[in-house]
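Since every read-out is calculated from the coordinates, none of them should be taken as a lab result. Everything numeric here is computed off the predicted structure, so don't read it as measured data. For neighbour counting, all protein chains shown are included, and Cβ atoms are generated from backbone atoms with ideal geometry for every residue, glycine included.
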Amino acid sequence: MLLSTRGLSKQFAGLHAVENVDFDLPEGQVHALIGPNGAGKTTFVGLLCGRIAPTSGSVWFDGRDISHLPAHKRINLGIAYTFQITSVFANLSVAENVELAARRGMRGRAVQRASQQALAQVGLADRQEQNAGYLSYGHQRLLEIAMGLAQQPRLLILDEPTQGLADREVEGFIELVRGLAGAMTILLIEHNMPVVMRAAEQITVLNSGRILAQGSPGDIRADRAVQSAYLGTG
Amino acid sequence: MSEGLKSALVHGGLLVVLFGLQFVLPAYHHGNLARIMVLASYAIGFNVLFGYTGLLSLGHALFFAAGMYGMGLSVEHLGAAPAPALLAGVVAGLLVSGVIGVLALRTSGVAFMIVTLMFAQAGYLTVLYAGAYTRGDEGFVVQQAQRVMMGVDLSDPSHRYFAGFTLFAICLIATLWLVRSPFGKVLIAIRENEDRATMLGYDVFARKLAAVMISGTISAMAGAVYGLLFGYVGASFASVQYSIFPLLWVLLGGAGTIVGPFIGTLFMFYLIDLSSQVTTAYMLIAGIVLVALTLFAPQGLAGMLRKRIWRGLP
C-alpha cells in the first residue's frame, strides 16, 4: 500500500468530522473520494497531508508512519496536494508558480523542463509569462494541477479539481487523469459524478465522517446505501 | 533587451552615478549623501523582511543598535580596531536576530509586529539600564583616532563618502542577487501565500528565520558603519523612532523593490531638509507630502515605476 490510515479520527468541538477511518490506497491507482457536503472529505485529506492534526489514529505512507511529520516533510516524501479553493501565487507569473513547485525536487535546467512539461500537460503552455492572478478561474484551476504535476509526486491529491471548469476543460482533465494512471497514484476528491465514474478505478464514499462504501464505479452506482445517502434514489 | 541586462543597467547605473557624485557635489550635499547611503543600507535590510518576505517588524532598531553597540562597545571598552569592531557589530546583529527570530516567528501578523516592537523596547531599556557601559541616553563619541581603519581615516569626508558608498553597493548587489536566487523566490512565495508555500514542501519557518537573520544582519552592519563613520553611539538609535524610519523609507520608496529603500531614504531626508528651511512647521509639510504619496502612489515611488514602466523591476 502506498497510503494507509488506521483509526483516523478528527473531532472539532464534539463534532466527528472524520471518525475511525481505515483507508488503503495501493500504488498506481486512481481513487476517488466522494460524499455529500460536510461528509469530511476535505478534513480527511487535510489529515493525510498534515494540514490538520488528528485527534487519534495514524497515517502511513510507503510503509512509514507519517502521523507526526509536519506538512512540508510529508510533501517532500512525494505527496502533492492541490487546493480546493484556488491558491496560486497571484502576483507571480504562471511559469514561476510551477517552477516553485518543481524546485523542491530538482535543480537548474530540469526545473524549467519539468515546469514546461507540466504546463503543456494541462494546456497552459502558451501562458507562461502571464501573471497567475490574471488567468480565468478555470485556468487557475488548471495551473493548480500543473503545480501538482511538476512536483512529480508519488501520490497526487486533487481536491475538487474540476470545480469551475468549462465542459471542454473537464473533458481534457479526464483525459489527463487517465493518461497519468499507472504513472502516479491519484486521490481525487470530486463532486462531479460523471468525472468520478469515468476517471476513477476505485471509489470510496464518505458520509458523516465514516466510510459508507468502497468499490468500483459500477459497484458504487449499484449500492443502495450510497444511493440513498448521496446519489438520490429518484 | 533581456530582463537581466535591464536590471544590471538600472542598478549598475545608480551605483555609477552615486560613485561619480562625490566629485561634483558641494560639501553639504556630499555629507548628506554619505549619510543617506548608510541609512539606505539599513532600509535595504528592513526591506528583505518586509518587502520580500511579507513580515512587518516594528523592532528593527534593535538590530541597528546591536550592530552599533557591538562595534562601539568593543572600541570603547576593548580598544578594538575598526575592522574587528565592525565584525563584532555584524556578529552581534546575527546573534540578536537569530534569537529574536526564533521567538517572534512563533507569532504572525499583528502579534509579530507587537512582539518585535516589545523586544526592541526591551533592548532600548537595556541600553539605558547598562548605563555604566553604554553611557545611556548621552551616548559616547568614537574618537577620531579610533576611526582609522587600515590607514584610512574614516572621519575624513571623502573617505566617509567612499565607505558609505561601499556599504551601500555591497547591500544593493547582495540583495539583488538574493531576490533572484531560488531562495529569494521562496521568500516571495511566502509573502504571496504562506500556506501554499508550505504545501509545496518548503519549510516556511526555517526560511522566515533565515530572512529575519539576513535582514537583521544587514541592519546591524549599517548600524555599525553608521557609528564608525559619524563617530557617535547613543541610545536614541535604539529607540522606537529608528524602528519606524526604515518602514517609512521603504513604504515611500517602494516595498519589495531593490532601489526603493534608497529612493525613499533620499526623498524623506531631503523632504525634511528642504521644508525645515522654509518653515519651523516642517513636519506639517512632510506629513502632507506623505499623505499625498500614500493616496496617489500607494506602492511607493519605485512601485509606481514598476507599475507604469517596467513590470519586471526586481
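For this structure, a couple of remarks:
- Residue B:77/residue B:128 FRET efficiency (R0 22 Å; Cβ-Cβ; nearest 0.05): 0.80
- Using only side-chain charges placed at the Cβ, +1 for Lys and Arg and -1 for Asp and Glu, the dipole size of region A:90-150 relative to its Cα centre rounds to 260 debye.
- Dipole axis of region A:90-150 (+1 Lys, Arg; -1 Asp, Glu on Cβ), positive-most option in A:106, A:140, A:123: A:106
- Annotation for region B:118-162 versus region B:4-46: alpha-carbon center distance of 23 Å.
- Percent of C-alpha pairs per 10 Å bin, region A:153-234, short to long: 16, 49, 31, 4, 0
- Using only side-chain charges placed at the Cβ, +1 for Lys and Arg and -1 for Asp and Glu, the dipole size of the protein assembly as shown relative to its Cα centre rounds to 380 debye.
- Ratio of Rg to Rh over chain A (Cα coordinates, Kirkwood Rh, two decimals): 0.96
- In region A:1-108, the GluC sites (Glu not before Pro) that fall in loop regions by DSSP, at most 10 other Cβ within 10 Å: none
- 10 Å Cβ neighbours from other chains, averaged over peptide A:64-74: 2
- Each eigenvalue of the Cα gyration tensor of the protein assembly as shown, multiplied by 5 and square-rooted, gives one semi-axis; in descending order these are 55, 25, 20 Å.
- Inter-chain shielding of A:76-84 (mean C-beta neighbours from other protein chains, 10 Å cut-off): 2
- Neighbour-limited loop hits for chymotrypsin sites (Phe, Trp or Tyr not before Pro), region A:1-103 (at most 12 other Cβ within 10 Å; DSSP other than H, G, I, E, B): none
- Sum of -39500 (n - 2.57) over DSSP H runs of 4+, divided by residues of chain B (222 nm, nearest 500): -24500 deg cm²/dmol
- Signed unit charges on C-beta, dipole axis of region B:3-253, positive-most listed residue B:134, B:219, B:201: B:201
- Full extension of the chain between residue A:24 and residue A:180 gives 54.2 nm of extra length, using 0.36 nm per residue less the Cα-Cα distance.
- Check: chain B dipole with +1 on Lys, Arg Cβ and -1 on Asp, Glu Cβ, in debye: 780 debye
- Gyration tensor over alpha-carbon atoms, chain B, equivalent ellipsoid semi-axes in Å: 28, 25, 20
- For chain B, the longest site-free run once trypsin sites (Lys or Arg not before Pro) in DSSP loop states with at most 12 other Cβ atoms within 10 Å are removed: B:107-310
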